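A short worksheet on the structure shown next.
The values are calculated or read from the model by the stated rules, or taken from the named source; none is laboratory data. The structure presented is a predicted model; accordingly, all values stated were derived computationally and were not measured. Backbone-built Cβ (ideal geometry, glycine too); neighbour counts: all protein chains shown. These accessible areas exclude ligands, DNA and RNA; they are computed on the full protein's heavy atoms, side chains included. Shrake-Rupley method; radii C 1.70, N 1.55, O 1.52, S 1.80 Å.
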Amino acid sequence: MATLFESLLHSMEAQADFTRAQGMKAYMRNQFDYLGISSPMRKEILKPFITSYSWVGEETFVELVRRLWLLPQREYKYVALDLCFRFEKKLSPDSIPFFEGLIEKEPWWDTVDGIAPNVLGNIVKRNLHLREGLCEKWIHSENFWFQRTAIILQLKFRNQTDFDLLKALILRRADSKEFFVQKASGWALRQYSRINPKGVEQFISENKIPSLAAREGMRLILKTR
C-alpha cells in the first residue's frame, strides 16, 4: 500500500501545471492550493492505481482516503473521492462518522457535493433505516455544510426518495440566508421533479421558500410547458 501511495503521489506531481493551478485556485476564491491537474488527467493517472489496489478491508481503505485528504493540494481530495466512488459498494455505515469528519475538513461545494449524495447517499440508500435520523441530525447542525448534506443526500434515490422528509428538511431551513443551503433545496427539488413534478410544483406553490430554491426547483417543470 505504501508503495502504491508513493507511486500515485509521484505521478500526480509529475503532471503539476503551475499556470493551471493558479487559475484553479482563483476559481475557488483562493481558498485552496492546487497542482493544476485537469479532471481527465487525474482520472487517467488514477487508473493503474485502481487496477493495482486490492481491497483488504474498510479500515485500510478509510486510512488511505484520510492520508489523501490531509495533503495540501485540492486534487488529492478529488482522488480520494474518485476512489470512494469506485469502491462505494464496499463501504458500510461504520464509515459514516469518518465521512462526516471529511465534510468538516476544509469544506466547499466541490467536496461536500461529492461526499453527500455519492458516498453517504449510497451508504444510506442501502441502509434506509438510518436516513431520517441522520438527516435530522445534520439539518439541525449549526454547520451549513451539514444542512446542505441533509438536503441533497437523496439526490440519487429517485423513487426511493422520502419526499415528506425532503419537504420537512427544506422547510426547516427555509429562512436560511446561506446561498449553499438555498441552492441545495432548489437542486433537490429539481432532481425530484423528474419523478414527481406535480408534487414538487404543489410544494413550491403552497410554501414560502427562498426564491432561489423555488426557481431551481421549477426549472425542469417549466421547460416542459
Quiz item: Which numbered condition trips up LYS198, out of (1) in contact with an Asp or Glu (Cβ under 9 Å, 6 or more places away or on another chain); (2) farther than 22 Å from SER141 by Cβ?
Solution: (1)
Quiz item: Failed condition for THR3, given (1) part of a helix (DSSP H, G or I); (2) under 14 Å from THR111 (Cβ atoms); (3) among the polar types (S, T, N, Q), with all others met?
Solution: (2)
Exercise. Answer with yes or no whether PHE61 is more than 17 Å from THR111 (Cα to Cα), within 23 Å of the chain's Cα centre (by Cα) and not charged (D, E, K, R).
Key: yes
Quiz item: Just checking, which of GLN154, GLN182 is part of a loop (DSSP other than H, G, I, E, B), within 17 Å of the chain's Cα centre (by Cα) and either farther than 17 Å from ASP113 by Cα or modelled with pLDDT of 95 or more (or both)?
Solution: GLN154
Quiz prompt | Enumeration of residues in segment 17-61 that are closer than 19 Å to LEU4 by Cα and assigned to a loop (DSSP other than H, G, I, E, B) | solution = TYR53, SER54, TRP55, VAL56, GLY57
Quiz prompt | Qualifying position, being open to solvent by less than 20 Å² (accessible area, probe 1.4 Å), out of contact with any Phe, Trp or Tyr (no Cβ under 7 Å at 6 or more places or on another chain) and without any contact (Cβ under 8 Å) to a residue 40 or more places away in the chain, among LEU70, LEU81 | solution = LEU81
Exercise. Kindly establish whether LEU165 is closer than 22 Å to GLY121 by Cα and crowded, with 19+ Cβ neighbours inside 10 Å.
Key: no
Exercise. Would you check if GLU106 is of a type in the set (Asp, Glu), assigned to a loop (DSSP other than H, G, I, E, B) and either out of contact with any Gly (no Cβ under 8 Å at 6 or more places or on another chain) or free of Cβ contacts under 8 Å to residues at least 60 places away in the same chain (or both)?
Key: yes
Quiz item: Residue check: is ARG29 within 21 Å of PHE157 (Cα to Cα) and open to solvent by 60 Å² or more (accessible area, probe 1.4 Å)?
Solution: no
Self-check item: Count of segment 1-32 residues which are within 12 Å of PHE49 (Cα to Cα) and β-branched (Val, Ile, Thr)
Solution: 1
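Within segment 84-102, take every residue that is in contact with an Asp or Glu (Cβ under 7 Å, 6 or more places away or on another chain) and crowded, with 18+ Cβ neighbours inside 10 Å and give me the one that is farthest from SER11 (Cα to Cα). Talk me through it step by step, then tell me what you get.
Within segment 84-102, the subset in contact with an Asp or Glu (Cβ under 7 Å, 6 or more places away or on another chain) is 90-92, 94-95.
Those still in the list that are crowded, with 18+ Cβ neighbours inside 10 Å too: 91, 95.
Details: LEU91: 27, SER95: 28 Å.
The selected residue is SER95.
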Self-check item: Where a residue in segment 210-224 is farther than 13 Å from VAL181 by Cα and its partner, wherever it lies, is modelled with pLDDT of 95 or more and outside any helix (DSSP H, G or I), with Cβ under 6 Å and at least six apart
Solution: LEU220/SER193; ILE221/SER193
Quiz prompt | Hits in segment 176-208 (condition: over 15 Å from THR149 (Cα atoms) and open to solvent by less than 20 Å² (accessible area, probe 1.4 Å)) | solution = SER193, GLY199, VAL200, PHE203
Exercise. Could you pull out the residue among GLY57, GLY36 that is without any contact (Cβ under 8 Å) to a residue 60 or more places away in the chain, of a type outside the set (Val, Ile, Thr), in contact with a Phe, Trp or Tyr (Cβ under 7 Å, 6 or more places away or on another chain) and on the phi > 0 side of the Ramachandran plot?
Key: GLY36
